Amino acid sequence: MKKRVRGFSKLSKGSKIEWLSAHYFDHADRAREILEQYWNADEKLQRLHDEFAENTLSNFYMPFCVAPNFLIDGAAYALPMVTEESSVVAAAAKTALYWRDRGGFQTQVLGLKKVGQVHFLYHGDSDKLKAFFDRNQDRFLKATADLTQNMRARGGGITLLDLLDKSDLEPDYYQIFAQFNTVSAMGANFINSCLEELARTLKREVQQSPVFTAEEKDIEVIMCIVSNYTPECLVRAEVCCPVAQLTDVPGLSPLEFAEKFQRGVRLAQVEPYRAVTHNKGIMNGVDAVVIATGNDFRAVEAAAHAYAARDGQYRSLTQVDIRDGQFRFGLDLPLSVGTVGGLTSTHPLVKLALDTLGNPSAPDLMGIAAAAGLAQNFAAVRALVTTGIQRGHMKLHLSNILNQVEVAEEERGFFVNYFKDKAVSYATVRQVLDHLRRLADEGFIRWFFTR
Ligand code: HMG
């Protein structure tokens, strides 16, 4: 109970830190020091970041990286990627280079439809409500006209309105199911505003209509909300080349590699435990681009995984086809992203990321993020079915382990060299370090690892 606090949101940043330090840390000064260490010296910039979220105490750095050499639909890109995981960017960059010489990535937007729903309860004649809704669609569109005006001017807006009887799922449950084209905006706020207006219109129109009974007029709106499941806001990314061009895989002929690779992907088509890890690898690339461009990676993740399970079993989002001597590797991904609005116009690094990409439209960004996901999956599966993942991944993770065990700058070169041809793990690094320090302590090696 001592830790209960009221009015916390109204405290200044300094007082919030003081409260946290006093209640949760034995060494309050140390906690404050760490939080303050991450403040930006530019007060205006810091205020901007403080206001992205609530009760902000400090900044949480994520590496802002770049993966060069992507050729996507004939255009060259250096992909901005934000990730904390080692080897993700290296893997993307390595794959980009590999496919650059083999025609690059081709992408296709298969749909741009986004969905929002007004969920409500209606106690009455289902057919009557449906007929009324269909007859009066223009009133719903008119009621939202002010809200949709700018979007329509850009070529988007509400593209479909339907009334769905869902009472087989939950008693008296109905929906206004609406589809939207939000052009280059992610559009969640726009969709939610439209839905709330649609809900108000529904209640008003039904109440004013003489065809409904008193009970039927008593519509209870439960919620109005965008759906993050966007199976019709879909992008396809592919790479394709003659099997004979799948060279540069040590120890395997191009055909052997193609078949091993295909089998690796097929396992993720049929086996959910493998599929989840496989798709996580795809999202390593997708999320990194989505975050760098200021988009909502939780929405993107949720949609991707729901789509992966759309036939009732969770499966790989990528597939491989080997036919007539051609190797084709593709990814279909629901991807709702925006390149205007939200963080895209306020966060300086997001702006820089979009500039790096030549300020793409949302459909273009869908293709770019999907290409990053496909590249990532190619790198991971290639490593998994050949050398194993640990060699490349841990080679790059070595620096994190060296930080963890506090290896000094001048000692690092030794470890990088030592582990060039050995498996890296926390335990082995620790073991080698302890051994060397012992030798140094005992005077066998004087010049090295002395503390
Ligand atoms: P390599 O062949 O040993 O690397 O691969 P290299 O040193 O010969 O360099 C080749 C190229 O790789 C470089 O070209 C870079 O493009 C890139 P260059 O720039 O020299 O002309 N590269 C780097 N880029 C930036 N910084 C670096 C760096 N090193 C290489 N330090 C590599 C090494 C890690 C790339 C390779 O082994 C690989 O792709 N491994 C797969 C790694 C991976 O998938 N990581 C994701 C995390 S693991 C995971 O979470 C997903 C998983 O579980 C998913 C699944 O199960 O499906 C695996």
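The values are calculated or read from the model by the stated rules, or taken from the named source; none is laboratory data. Note that the coordinates shown come from a computational prediction; the quantities given were computed from them, not determined experimentally. With ideal geometry, Cβ positions are generated from the backbone for all residues, glycine too; neighbour counts draw on all protein chains shown. The accessibility values were calculated without ligands, DNA or RNA, using every heavy atom of the protein model including side chains. Shrake-Rupley method; radii C 1.70, N 1.55, O 1.52, S 1.80 Å.
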Notebook entry, point to check: Failed condition for Gly392, given (1) within 16 Å of the ligand (Cβ to nearest atom); (2) under 19 Å from the mean Cα position of the chain (by Cα), with all others met?
Noted result: (2)
Checklist line | Identity of the residue in the stretch 78-125, open to solvent by 50 Å² or more (accessible area, probe 1.4 Å) and under 17 Å from the mean Cα position of the chain (by Cα), that ends up farthest from the ligand (Cβ to nearest atom) | finding: Glu84
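Can you tell me which residue within the stretch 333-349, out of those that are touching a residue at least 12 places away in the same chain (Cβ under 8 Å) and of a type in the set (S, T, N, Q), is nearest to Gln179 (Cα to Cα)?
Filtering the stretch 333-349 down to residues touching a residue at least 12 places away in the same chain (Cβ under 8 Å) leaves 333-344, 346-349.
From what is left, the residues that are of a type in the set (S, T, N, Q) are 336, 339, 344, 346.
Working: Ser336: 13, Thr339: 20, Thr344: 24, Thr346: 28 Å.
Among them, the one singled out is Ser336.
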Check: How many residues, within the stretch 377-391, are open to solvent by 40 Å² or more (accessible area, probe 1.4 Å) and within 20 Å of Val286 (Cβ to Cβ)?
Finding: 2
Notebook entry, point to check: Which residue pairs have Cβ atoms closer than 6 Å, lie 6 or more positions apart in sequence or on different chains, and pair a first residue in the stretch 232-244 that is touching a residue at least 40 places away in the same chain (Cβ under 8 Å) with a second residue that is in a helix (DSSP H, G or I) and open to solvent by 50 Å² or more (accessible area, probe 1.4 Å)?
Noted result: Val243/Leu255
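How do the helices (runs of 4 or more DSSP H) wholly within the stretch 238-313 filter down when requiring 1 or more residues that are within 11 Å of the ligand (Cβ to nearest atom) and closer than 19 Å to Ala371 by Cα: which remain?
Details: elements: 254-270, 272-292, 297-308.
Passing ranges, in order: 254-270, 272-292.
Would you say Phe52 is within 16 Å of the ligand (Cβ to nearest atom) and within 23 Å of the chain's Cα centre (by Cα)?
When the stated conditions are applied, Phe52 does not pass them.
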Next item on the list: For residues that are in a helix (DSSP H, G or I), more than 11 Å from the ligand (Cβ to nearest atom) and touching a residue at least 60 places away in the same chain (Cβ under 8 Å), tally how many sit in the stretch 350-387.
Entry: 16
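Conditions (1) in contact (Cβ under 8 Å) with a residue 60 or more places away in the chain; (2) within 30 Å of the chain's Cα centre (by Cα); (3) open to solvent by less than 50 Å² (accessible area, probe 1.4 Å); (4) within 16 Å of the ligand (Cβ to nearest atom), marked per residue:
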site: Ile17; (1), (2), (3), (4): no, no, yes, no
site: Ala28; (1), (2), (3), (4): no, no, yes, no
site: Arg32; (1), (2), (3), (4): no, no, no, no
site: Leu35; (1), (2), (3), (4): no, yes, yes, no
site: Glu43; (1), (2), (3), (4): no, yes, no, no
site: Cys65; (1), (2), (3), (4): yes, yes, yes, yes
site: Asn69; (1), (2), (3), (4): no, yes, no, yes
site: Ala76; (1), (2), (3), (4): no, yes, no, yes
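Residues in the stretch 404-412: is at least one within 15 Å of the ligand (Cβ to nearest atom), outside the structural domain of Ala288 (by TED's automatic domain parsing) and either at pLDDT 90 or above or more than 30 Å from Thr247 (Cα to Cα) (or both)?
Restricting attention to the stretch 404-412, the residues satisfying the condition of being within 15 Å of the ligand (Cβ to nearest atom) are 412.
Narrowing further to those that are outside the structural domain of Ala288 (by TED's automatic domain parsing): 412.
Then keep just the ones that are either at pLDDT 90 or above or more than 30 Å from Thr247 (Cα to Cα) (or both); that gives 412.
Among the residues of the stretch 404-412, at least one is within 15 Å of the ligand (Cβ to nearest atom), outside the structural domain of Ala288 (by TED's automatic domain parsing) and either at pLDDT 90 or above or more than 30 Å from Thr247 (Cα to Cα) (or both), which makes the answer yes.
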